[in-house]
Amino acid sequence: MAFILVLVLIGALLLLVIGINALQQQKQRAEALRRTELTRQRAILEETEEVLANTGMFPCTSHINLALYKRIKEAAQQAMMLCNASQRADYERRVIDLDSMINNLQKSPPQQPSIENFRLPDNDRQILVLVQTLKKLKAIIRDEHNKGKMDPVVFANEENRINSLQLRINVDSMMSRARSACYMKQYGSSRQMVTKALGTLNTIKGQTPGDPFITRKVEEAKQLLEEINGAVKMAQPSAPKPKEEDDIDVLFQPKKKW
């Protein structure tokens with residue numbers, strides 16, 4: 001009887017150990033998932049704040065600002081529920097500040113600045129930051145639209161604006177590099193870039209024939225191409241002129257027999 005009781009106690013102990021291990025593993029998995037999700041929400045928050053900080057580099061509408069603030073607020077709320085108690089107060093303050101900004105934007109009339117006055121930055125580093133910002137912004141508004149958090153009409157208009165800005169940056173960048181190459185007398189590279197810019201413009205012109213930017217840039221590219229061709233002709237060595245025969249040489253040259 002005592003032997004059976006010992007076996008029962010050992011079995012119960014083993015079950016208790018297995019149960020404790022299972023609970024610990026489950027707790028570790030939950031903690032790992034919590035940390036992973038917290039890292040993801042922080043990454044969303046940081047990326048969106050970075051995009052928002054760079055919106056001053058291009059004409060940005062109030063719809064975009066509102067979508068970015070709401071995305072930051074949601075990420076901050078999620079992080080607040082996942083973080084430790086010591087970090088929660090900081091997120092709570094951020095959510096309160098974001099609520100105030102969102103309310104002010106919603107009460108203000110919508111702002112939609114024209115992109116016609118947009119000018120490409122002179123600094124290559126700034127151009128790179130601008131290109132990366134627009135790329136991230138397009139992905140963000142697409143994600144917000146897929147989640148049902150952005151009106152389809154607003155999404156379509158904002159995506160078209162971003163596409164137009166990306167086109168302008170691409171064309172302006174190619175034209176700028178073409179001028180630099182022409183100045184350095186690298187006419188082949190210059191002509192290649194202008195031709196590429198013209199191809200891009202003509203493709204888009206068929207879709208949006210009334211865009212004044214495209215019309216203006218097409219004329220500018222054609223003029224630059226003419227300048228490059230003219231410079232190439234000027235740079236080509238002229239053909240040597242035939243040597244004029246001296247009258248005395250003609251007089252004393254051997255007579256031809258007919």
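Ignoring ligands, DNA and RNA, what percent of the accessible area of the chain is carbon or sulfur (1.4 Å)?
In the chain, the share of accessible area belonging to carbon and sulfur is 57 percent.
May I ask for the distance between the Cα centers of region 117-144 and region 160-193, given as a whole number of Å?
For region 117-144 versus region 160-193, the Cα centre distance is 17 Å.
With only alpha-carbon pairs counted, each pair once and no self-pairs, how large is the Kirkwood hydrodynamic radius of region 41-179 in angstroms?
16.3 Å
Among 44, 64, 96, determine the one that fluctuates most according to a GNM of the chain built with springs between C-alpha atoms less than 10 Å apart.
Ranking 44, 64, 96 by mean-square fluctuation puts 96 first.
Order the following by accessible area, largest value first: 183, 91, 69. Probe radius 1.4 Å; ligands, DNA and RNA are ignored.
Ranked from most to least accessible, the order is 183, 69, 91.
So if a site counts as exposed when it's one of the trypsin sites (Lys or Arg not before Pro), its DSSP state isn't H, G, I, E or B, and it has at most 16 other Cβ atoms within 10 Å, what's the longest stretch of the chain without one?
Between the exposed loop sites, the longest stretch runs 1-118.
Could you state, as a whole-number percent, how many of the C-alpha pairs of region 117-158 are farther apart than 13 Å?
61 percent
Set the bar at 30 Å for Cα to Cα. Now go through 107/205; 135/185; 138/205; 185/217; 27/73; 73/217 and name every pair that lies beyond it.
Pairs exceeding the cut-off: 107/205; 135/185; 73/217.
Quick one: compute the contact order of region 139-210, relative version, from alpha carbon pairs under 8 angstrom and 6+ residues apart, as a percent.
Here the relative contact order equals 20 percent.
To check my understanding: the extent here is largest minus smallest coordinate of the Cα atoms along each principal axis. What are those three numbers for region 98-206, in Å, largest first?
Principal axes ranked by extent give 56, 30, 22 Å for the Cα atoms.
Find the relative contact order for region 32-127 and round it to a whole percent, using C-alpha pairs within less than 8 Å whose residues are 6+ positions apart.
It comes to 34 percent, rounded to a whole number.
Find me the longest stretch of the chain that has none of the exposed GluC sites (Glu not before Pro), where exposed means in a DSSP loop (not H, G, I, E or B) with at most 13 other Cβ atoms within 10 Å.
117-243
Pick the calculated Cα Rg over 2.2 N^0.38 Å for this structure from (i) 1.08; (ii) 1.92; (iii) 0.99?
Checking each listed value against the structure points to (ii).
How many Å² of accessible area per residue for the chain, probe 1.4 Å?
Heavy-atom accessible area per residue stands at 70 Å².
The values are calculated or read from the model by the stated rules, or taken from the named source; none is laboratory data. In this text, all values refer to a predicted model and were calculated from it rather than measured experimentally. Here the Cβ is made from the backbone with ideal geometry for all residues, glycine too, and neighbour counts use every protein chain on show. Side chains are part of the model used for accessible areas, which takes the heavy atoms of the whole protein and leaves out ligands, DNA and RNA. Shrake-Rupley method; radii C 1.70, N 1.55, O 1.52, S 1.80 Å.
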